[in-house]
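Q: Supplied in structure tokens, the structure appears directly below.
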Amino acid sequence: MSLATADLIAALDHYLNSAAIHDYCPNGLQVEGRPRIRRIVSGVTASQALIDAAIEQQADAILVHHGYFWKGESPVVRGMKQRRLKSLLTHDINLIAYHLPLDIHPEVGNNVQLAHKLGLRINGPLEAGNPNSVGLIGELPQPQSSAALASHIEHVLGRTPMVVDAGKPIRTLGWCTGGAQNYIDHAIAAGVDAFITGEISEHSTHSALENGLSYFAAGHHATERYGVQALGDWIARTLGIEHQYVECPNPA
């Protein structure tokens, strides 16, 4: 089964409510390719490796969380950007990207999907009173030590997290996938025991320890693999388009 590209984008924009979310990049169709889509390859980032995999699988579209045309980047098309765009245009492949809409979504969003993977109970938004909060707060089924939670994260995500241990049992958590180390302030304000995100900055260690908060940097890529897979599966299940997720390993 195939679907018109315009119809797929309309369905995705509606499902993700992308028009209502202010972002740092365009969401939806970023590079136009074939007018109909039968097969989609998904991945976290629209890297050359993912494009090459899509070409090999004769995909009509690539679906990603990290696409192109970020606010503040150079508009010049040369080097890596030129090679990526040339590959897409030469092979007539659509590039579809959803950034914050895919972080926030209550069903297929990165933060909801990470909670499902880690077995976290969701209690509400990380930013109190913000219905479009990127992160979430919740709790574990039972208290754990930082070492036990780190071991669980490593087992589920396949990546050893960097840990700042505040030295107390963990029951309540805040989390925000990707590069959200500055959201630690929301976790502190929420009074949770720990914060999970993808990355860590130098100041994150001091903020965590001085506020009695354990901190887990579990990898930007590793924490954001699951939203795009869930969205691709929704497309396959709802719209009948073939979907295949491609893992392009990234230690960051």
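Q: Restricting to segment 1-20, name every residue that is of a type in the set (A, V, I, L, M, F, W, C) and touching an Asp or Glu at 6+ places or on another chain (Cβ under 9 Å).
A: Looking only at segment 1-20, we keep the residues that are of a type in the set (A, V, I, L, M, F, W, C), and these are 1, 3-4, 6, 8-12, 16, 19-20.
Answer for segment 1-20, where residues must be of a type in the set (A, V, I, L, M, F, W, C) and touching an Asp or Glu at 6+ places or on another chain (Cβ under 9 Å): Met1, Ala19.
Residue-by-condition table, conditions (1) surrounded by 22 or more Cβ atoms within 10 Å (Cβ to Cβ); (2) within 24 Å of Val41 (Cα to Cα):
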{"position": "Leu157", "(1), (2)": "no, yes"}
{"position": "Thr172", "(1), (2)": "no, no"}
{"position": "Ala180", "(1), (2)": "yes, no"}
{"position": "Tyr183", "(1), (2)": "no, no"}
{"position": "Ile235", "(1), (2)": "yes, yes"}
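Q: Return the only residue of Gly109, Gly33, Gly79 being in contact with a strand residue (DSSP E or B) (Cβ under 6 Å, 6 or more places away or on another chain) and small (Gly, Ala, Ser). Walk me through how you get there before you give the answer.
A: Details: Gly109 fails: in contact with a strand residue (DSSP E or B) (Cβ under 6 Å, 6 or more places away or on another chain); Gly79 fails: in contact with a strand residue (DSSP E or B) (Cβ under 6 Å, 6 or more places away or on another chain).
Gly33 is the lone residue from the list that is in contact with a strand residue (DSSP E or B) (Cβ under 6 Å, 6 or more places away or on another chain) and small (Gly, Ala, Ser).
Q: Those residues that are at pLDDT below 95 and touching an Asp or Glu at 6+ places or on another chain (Cβ under 9 Å), I need them from segment 100-133; list them, please.
A: The answer is Ser133, and nothing else.
Q: List the strands (runs of 3 or more DSSP E) that sit entirely inside segment 22-68 and contain at least 3 residues that are within 20 Å of Gly240 (Cβ to Cβ). Explain how you work it out, then say what you get.
A: Details: elements: 28-31, 39-45, 61-66.
The strands (runs of 3 or more DSSP E) meeting that bar are 39-45, 61-66.
Table: residues versus (1) assigned to a helix (DSSP H, G or I); (2) modelled with pLDDT under 95; (3) polar (S, T, N, Q).
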{"site": "Ile200", "(1), (2), (3)": "no, no, no"}
{"site": "Ser204", "(1), (2), (3)": "yes, no, yes"}
{"site": "Ser207", "(1), (2), (3)": "yes, no, yes"}
{"site": "Gly212", "(1), (2), (3)": "no, no, no"}
{"site": "Tyr215", "(1), (2), (3)": "no, no, no"}
{"site": "Gln229", "(1), (2), (3)": "yes, no, yes"}
{"site": "Gly232", "(1), (2), (3)": "yes, no, no"}
{"site": "Ile235", "(1), (2), (3)": "yes, no, no"}
{"site": "His243", "(1), (2), (3)": "no, no, no"}
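Q: Kindly indicate whether any position in segment 4-16 is on the phi > 0 side of the Ramachandran plot and either surrounded by fewer than 17 Cβ atoms within 10 Å (Cβ to Cβ) or modelled with pLDDT of 95 or more (or both).
A: No, segment 4-16 contains no residue that is on the phi > 0 side of the Ramachandran plot and either surrounded by fewer than 17 Cβ atoms within 10 Å (Cβ to Cβ) or modelled with pLDDT of 95 or more (or both).
Q: For segment 188-200, state whether one or more residues are within 17 Å of Leu102 (Cβ to Cβ), surrounded by fewer than 22 Cβ atoms within 10 Å (Cβ to Cβ) and in the same structural domain as Gly138 (by TED's automatic domain parsing).
A: Looking only at segment 188-200, we keep the residues that are within 17 Å of Leu102 (Cβ to Cβ), and these are 197-198.
In the following step, the residues that additionally are surrounded by fewer than 22 Cβ atoms within 10 Å (Cβ to Cβ) were identified as none.
No, the conditions are met nowhere in segment 188-200.
The values are calculated or read from the model by the stated rules, or taken from the named source; none is laboratory data. No experiment lies behind these values; they were computed from the predicted model shown. Please note: Cβ atoms are built from the backbone with ideal geometry, for glycine as well, and neighbour counts cover all protein chains shown.
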